[in-house]
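The values are calculated or read from the model by the stated rules, or taken from the named source; none is laboratory data. The structure displayed is predicted, hence computed values, not measured ones. For neighbour counting, all protein chains shown are included, and Cβ atoms are generated from backbone atoms with ideal geometry for every residue, glycine included.
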Amino acid sequence: MNVIAFLSEIGMASAFILGFGVRAFALLGMVFAAQLYFGLYTHSGEWPWEFIFIIVICWLFYINAAGRSLGLDAWLRRIPAIQKSNNIIARLYRWAS
């Protein structure tokens, strides 16, 4: 069993469920599903449209910034220190959420 693939899938699923860093994890999910698509396209036991569906769902999460309405991103973005700070961590979080 591929431990890195398992941990990345669990991490993405947890981020989507909690609404934390949804945009960054959606980009990671699109890249992850694309590499699975290209790697397993000719495999007889895999359905290639499954990976296209995952890419589209991650793209929708990215463009809608799904965590900003009910997730942890919505709660964290209301904190004044994150809104007004200009340090690298705050800027990175504002981009990722």
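May I ask you to list pairs of residues, at least six apart or on different chains, whose Cβ atoms are under 6 Å apart, with the first in segment 45-66 being closer than 22 Å to A96 by Cα and the second being basic (K, R) and surrounded by 12 or more Cβ atoms within 10 Å (Cβ to Cβ)?
Listed by first residue and then by second, the contacts come to Y62/R23; A65/R23.
Going by the structure shown, is S8 assigned to a helix (DSSP H, G or I), touching a helix residue (DSSP H, G or I) at 6+ places or on another chain (Cβ under 7 Å), closer than 20 Å to L92 by Cβ and hydroxyl-bearing (S, T, Y)?
Details: assigned to a helix (DSSP H, G or I): yes; touching a helix residue (DSSP H, G or I) at 6+ places or on another chain (Cβ under 7 Å): yes; closer than 20 Å to L92 by Cβ: yes; hydroxyl-bearing (S, T, Y): yes.
Yes: the conditions hold for S8.
Being at pLDDT 85 or above and of a type in the set (S, T, Y): is that true of Y37 here? Reasoning before the result, please.
Working: at pLDDT 85 or above: yes; of a type in the set (S, T, Y): yes.
Yes: the conditions hold for Y37.
Within segment 49-96, work out how many residues are at pLDDT 85 or above and closer than 15 Å to M30 by Cβ.
Residues that pass the stated criteria total 15.
Of all residues in segment 11-38, count the ones that are outside any helix (DSSP H, G or I) and free of Cβ contacts under 8 Å to residues at least 12 places away in the same chain. Steps first, please.
Of all residues in segment 11-38, those outside any helix (DSSP H, G or I) come to 19-21.
Filter once more, keeping what is free of Cβ contacts under 8 Å to residues at least 12 places away in the same chain: none.
The total comes to 0.
I need the full set of residues from segment 67-92 which are exposed (fewer than 11 other Cβ atoms within 10 Å of the Cβ) and of a type in the set (K, R), in order please. Walk me through how you get there before you give the answer.
We begin by selecting, within segment 67-92, every residue exposed (fewer than 11 other Cβ atoms within 10 Å of the Cβ); these are 69-70, 78, 80-81, 84, 86-89.
Matches in segment 67-92: R78, K84.
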